[in-house]
């Protein structure tokens, strides 16, 4: 065995490693969207549900919302095409979409979500959890780079307490 034999093997190993690395980089070069949903969220501009007078002033009970956040942690942009909440029934489904989801910062749908960017919206929690049916509520987010929507099951919140805000 001479040195050219070892050099040939070394070259084959390096070339194979580079090829595998390029395939991994190519497979990861897409949009990767993370979906976070928080129940029982209140905003400073939330709708006032009830007011009551106390010795310290007026206390306001605010409407609770689902806070929905999409973040692109991938390396390519994607477009958020739509968002929908569904509950399964014995025969079919019942759903809410469109104006039920109020985007923050005026970022209406469809919206191009670039790498590192976050898009968020709110939805009336009572309306969504009040949909008929016993099945859990599911959220579907339609993205331009995926054939199937991103799907997330939302458990019914157990904590029904709302903060009282003094005005």
Just one of (1) modelled with pLDDT under 90; (2) exposed (fewer than 11 other Cβ atoms within 10 Å of the Cβ); (3) not assigned by TED's automatic domain parsing to the domain that holds residue 134 trips up residue 14, so point out which.
(1)
Is it the case that some residue within segment 84-91 is in the same structural domain as residue 39 (by TED's automatic domain parsing), modelled with pLDDT of 90 or more and closer than 18 Å to residue 36 by Cβ?
yes
Could you tell me which residue of segment 123-133 is surrounded by the fewest Cβ atoms within 10 Å (Cβ to Cβ), considering only residues that are in contact (Cβ under 8 Å) with a residue 24 or more places away in the chain and part of a loop (DSSP other than H, G, I, E, B)?
132
When segment 95-122 is checked residue by residue, the ones that are part of a loop (DSSP other than H, G, I, E, B) and touching a residue at least 40 places away in the same chain (Cβ under 8 Å) are 114, 115, 116, 117
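The values are calculated or read from the model by the stated rules, or taken from the named source; none is laboratory data. These numbers come from a predicted model, not from an experiment. FYI the Cβ positions are ideal-geometry reconstructions off the backbone, even for glycines, and counts take in every protein chain you see.
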